[in-house]
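> The structure follows.
The values are calculated or read from the model by the stated rules, or taken from the named source; none is laboratory data. Quick caveat: nothing in here was measured; it's all calculated off a predicted structure. Cβ sites come from the backbone with ideal geometry, for glycine too, and all protein chains shown count toward neighbours. Note: areas computed on protein heavy atoms with side chains; ligands, DNA, RNA excluded. Shrake-Rupley method; radii C 1.70, N 1.55, O 1.52, S 1.80 Å.
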Amino acid sequence: LKFSFSKDISFADVALYQLNNAKATAAITQLKANPLTNIKQTASSLSGDININKRKQVLFTTIPQVPGWTVRVDGKRVTPQKALNMFMTVPLTQGNHHVTMRYVPPYLLLGSVISMCSWVLAYWTLHSRYRPRHAMGRRH
C-alpha cells in the first residue's frame, strides 16, 4: 500500500482487518434460516412470529440499541441485548414465539406534560389579563 500525505502522519496504531468470506457467508445463512414472519410494522413498532430450532438463539436486528425500545416475547417483557456494539438483539429459546418491539422516545411523556402545563399557563395568563372587568356592586 502506498499513501501520500502533505504532512507527517503516524501509523503506530493502525490495524488492518480482512473478512473471512466463507465464515461470513455461513453466519448470514444461519441467520436467514429462521426469519421473522407475519411482520406487522408501524412508525413506532414492529411485530412478527419466529420459529427457533436450537436452544439459546437470538433475533438479530439492524435496529440500533438505543433507549426507548420495549421488547416482548410471547407477551412477556425481555431485555434486548447489544450486538456489534450497536444493534439490538432479542434472546430467544427453542420453539415458536411472537415478538413485539415498540419504540417510545425517551422523555416523551415528560415533554408532553411540560408542554400542556405551558399551554394552560399561557391561556390562563392571557385570559385573565385581557378579560373585560365589570364594576362590582354599582348600578347607574
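> Return only the number of the condition from (1) of a type in the set (Gly, Ala, Ser); (2) without any contact (Cβ under 8 Å) to a residue 12 or more places away in the chain; (3) closer than 21 Å to Thr70 by Cα that Gly48 does not satisfy.
Every listed condition holds for Gly48 apart from (2).
> Sticking with this one: Please work out which residue is modelled with the highest pLDDT, limiting yourself to the stretch 95-140 and to residues that are open to solvent by less than 100 Å² (accessible area, probe 1.4 Å), farther than 23 Å from Gln41 by Cβ and not in a helix (DSSP H, G or I).
Gly95
> So, in the stretch 40-59, how many residues would count as being surrounded by 11 or more Cβ atoms within 10 Å (Cβ to Cβ) and not in a loop (DSSP other than H, G, I, E, B)?
The qualifying residues number 11.
> Now, a different point. Out of the residues in the stretch 9-20 that are open to solvent by less than 100 Å² (accessible area, probe 1.4 Å) and of a type outside the set (A, V, I, L, M, F, W, C), which is nearest to the chain's Cα centre (by Cα)?
The extreme case among them is Asn20.
For (1) under 14 Å from the mean Cα position of the chain (by Cα); (2) under 30 Å from Val66 (Cα atoms), each residue gets a yes or a no:
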position	(1), (2)
Val99	no, yes
Tyr107	yes, yes
Ile114	no, yes
Val120	no, no
Tyr123	no, no
His127	no, no
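> So Ser6 fits all but one of (1) more than 28 Å from the chain's Cα centre (by Cα); (2) small (Gly, Ala, Ser); (3) surrounded by 10 or more Cβ atoms within 10 Å (Cβ to Cβ); what number is the exception?
(3)
> Exactly one of these conditions fails for Lys7: (1) on the phi > 0 side of the Ramachandran plot; (2) modelled with pLDDT under 85. Give me its number.
Failed condition: (1).
> Select, from Ala83, Ala24, Ala33, the only residue that is exposed (fewer than 11 other Cβ atoms within 10 Å of the Cβ), out of contact with any helix residue (DSSP H, G or I) (no Cβ under 6 Å at 6 or more places or on another chain) and not basic (Lys, Arg).
Details: Ala83 fails: exposed (fewer than 11 other Cβ atoms within 10 Å of the Cβ); Ala33 fails: exposed (fewer than 11 other Cβ atoms within 10 Å of the Cβ).
Exactly one of Ala83, Ala24, Ala33 is exposed (fewer than 11 other Cβ atoms within 10 Å of the Cβ), out of contact with any helix residue (DSSP H, G or I) (no Cβ under 6 Å at 6 or more places or on another chain) and not basic (Lys, Arg), namely Ala24.
> Go through the stretch 62-87 residue by residue and tally those that are of a type in the set (Ser, Thr, Tyr) and either in contact (Cβ under 8 Å) with a residue 40 or more places away in the chain or under 14 Å from Tyr103 (Cα atoms) (or both).
Result for the stretch 62-87: 2.
> Here's another thing I want to ask about it. Give me a count of the residues in the stretch 60-75 that are among the acidic types (Asp, Glu) and assigned to a strand (DSSP E or B).
Looking only at that region, the number is 0.
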